[in-house]
Amino acid sequence: MAELQSVEAALAALLRDVATTPPEPLPCDEAAGRVLAEAIEARLDVPAFDNSAMDGYALHHRDAGKRLAVSQRIAAGSPATPLAPGTCARIFTGGEIPPGADCVVMQERVEVEADLAAIPPDIPAGDNVRRRGRDVASGDLLLPAGERLEAAALGHLAGQGITEVVVRRRPRVALLSTGDEIVDPGQPLAAGQIYNSNRAMLRRLLERFGAELTRVASIPDDPVGTGETLRAAALEADLVISTGGVSVGEEDHVKAALASLGQLDLWRLAIRPGKPLALGRLPGREGREVRFVGLPGNPVSCFVGAWLFLRPLLGALQGCPALAHLPCLPARAEFSTRTGPRRHYMRVGLEFGRDGIVARAFRDQNSGVLSSCISADALAVIPAESRVEPGDPVDCLWLRVD
């Protein structure tokens, strides 16, 4: 029997020589979730001018402790004029600090009678002033290539007046399901058949990982049909994924078809769940290689395999470093378990407290119990041939997209 391979060996084989998808221009309004193909340099200082951090009175700090005439009123968006010596300006949050002023005192600390403001003493220079360029200076790196454009990054671009960016094309993915026993929801079930839960689950995960699904299809348990479908899928996709059909059963044809069409890197991993896993390459258009991942049919194995392998692969295709590794959180186990020769990825819920993170394992860790994945915050990594008792430290892979 072939030796079981490690997750690290599988990832190395899967990611070797991955080429990023080509760049394409895109309006910022349509770029949410996309990955920058080019670094962006700041065009403007942010803030663009010194401005007030609160409603109050702008003055020169040497005039603190005096009663000052209020010589002007500055609202956000209104131009400021130079401050007359020995006076102050009524100013509102975001208002421009007038030339001649260097601090702002909040309005709650100021007593106003008629047109005179009694300023408290000891107001330091710079107090409550947001300096020009404090966030970003013109010419600085605004966003690096490989940045995924989520809410804050999109706001950063908008703050520079940028309306279009160059991003990586979404990786095109063909998602194939194998097995005559698998039936699409909405169809009647015959004896021995089950509904396809993996397809809906993987569609959502793939979308979250940045993919565009170009083909979603089923493959019957037939060696010729399997090969033809794999060949056609590779001609239109950057990545071909199948579920089921990667073990040693007589009706599992994906592994054999992959080996005959392209290259099979490895397919038996020392992990639980998910030991049967086909990783390889298929011939695509114009002589390029298309990555292939054959996930197990058991839904939990499919779920875990997607996070461990599809997420970093799609990150590499998009040139997005944030997708390369799941965040690893140190936690304290609130469960006991013992492993054999395979590393175990246990579904756990996390509780964040003053004394650290507590990991609570779902009671039934069977690879067919998909309900354990619904509320799972992380995968607790239990090394092979080890034992964990309550209170022991355990590393948890946080199930986050970025």
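The values are calculated or read from the model by the stated rules, or taken from the named source; none is laboratory data. Quantities reported herein were computed from a predicted structural model and do not represent experimental measurements. Here Cβ is always computed from backbone atoms with ideal geometry, including for glycine, and neighbour counts include all displayed protein chains.
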Positions within region 371-389 being over 23 Å from the mean Cα position of the chain (by Cα), of a type in the set (A, V, I, L, M) and assigned to a loop (DSSP other than H, G, I, E, B), in sequence order: Ala384
Selected residue (criterion: surrounded by the fewest Cβ atoms within 10 Å (Cβ to Cβ)) from residues of region 340-355 that are closer than 16 Å to Ser367 by Cβ and either of a type outside the set (Ser, Thr, Tyr) or over 21 Å from the mean Cα position of the chain (by Cα) (or both): Gly340
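Taking the condition small (Gly, Ala, Ser), outside the structural domain of Ala316 (by TED's automatic domain parsing), closer than 30 Å to Arg169 by Cβ and in contact (Cβ under 8 Å) with a residue 12 or more places away in the chain, does Ala64 pass? Talk me through it step by step, then tell me what you get.
Working: small (Gly, Ala, Ser): yes; outside the structural domain of Ala316 (by TED's automatic domain parsing): yes; closer than 30 Å to Arg169 by Cβ: no; in contact (Cβ under 8 Å) with a residue 12 or more places away in the chain: yes.
No.
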Region 259-287, subset in contact (Cβ under 8 Å) with a residue 40 or more places away in the chain, over 25 Å from the mean Cα position of the chain (by Cα) and more than 15 Å from Ala9 (Cβ to Cβ), residue surrounded by the fewest Cβ atoms within 10 Å (Cβ to Cβ): Arg285
Filter result for Pro98 (farther than 30 Å from Glu212 by Cβ, in contact with a helix residue (DSSP H, G or I) (Cβ under 7 Å, 6 or more places away or on another chain) and part of a loop (DSSP other than H, G, I, E, B)): no
Any chance Ser336 is under 29 Å from Leu14 (Cα atoms) and of a type in the set (Ser, Thr, Tyr): no
Matching option when the condition is under 30 Å from Pro321 (Cβ atoms) and hydrophobic (A, V, I, L, M, F, W, C), among Ala101, Ala158, Ala118, Ala125: Ala158
Residue match in region 75-88 (condition: surrounded by 15 or more Cβ atoms within 10 Å (Cβ to Cβ), within 30 Å of Gln318 (Cα to Cα) and of a type in the set (A, V, I, L, M, F, W, C)): no
Every residue from region 5-57 that is more than 30 Å from Pro276 (Cβ to Cβ), among the aliphatic types (A, V, I, L, M) and touching a Leu at 6+ places or on another chain (Cβ under 7 Å): Ala31, Ala32, Leu36, Ala39, Ile40, Ala42
Residue match in region 277-294 (condition: at pLDDT 90 or above and β-branched (Val, Ile, Thr)): yes
Region 72-85 residues that are within 16 Å of Asp55 (Cα to Cα), paired with ones that are in a strand (DSSP E or B) (beta carbon under 6 Å, 6 or more apart): Gln72/Ala89; Arg73/Arg90; Ile74/Ala89; Ile74/Ile91; Ala80/Ile74; Ala80/Glu96
Options Asp140, Asp180: the member that is within 30 Å of Glu228 (Cβ to Cβ) and out of contact with any helix residue (DSSP H, G or I) (no Cβ under 9 Å at 6 or more places or on another chain): Asp180
Failed criterion for Ile182 (all others in (1) under 30 Å from Gly245 (Cβ atoms); (2) modelled with pLDDT of 95 or more hold): (2)
So Ala84, is it part of a loop (DSSP other than H, G, I, E, B) and aliphatic (A, V, I, L, M): yes
Members of region 21-37 found to be under 13 Å from Leu157 (Cα atoms), in a loop (DSSP other than H, G, I, E, B) and touching a strand residue (DSSP E or B) at 6+ places or on another chain (Cβ under 9 Å), listed by number: Ala31
Within region 101-117, considering residues that are under 12 Å from Leu59 (Cβ atoms) and either of a type in the set (Gly, Ala, Ser) or not assigned by TED's automatic domain parsing to the domain that holds Ala69 (or both), the one surrounded by the fewest Cβ atoms within 10 Å (Cβ to Cβ): Ala117
Residue list for region 196-220, restricted to those being of a type outside the set (A, V, I, L, M) and either touching a Ser or Thr at 6+ places or on another chain (Cβ under 6 Å) or more than 24 Å from Phe309 (Cβ to Cβ) (or both): Asn196, Asn198, Arg199, Ser218, Pro220
Residue that is farthest from the chain's Cα centre (by Cα), among those in region 134-150 that are of a type in the set (Gly, Ala, Ser) and closer than 17 Å to Val167 by Cβ: Ala145
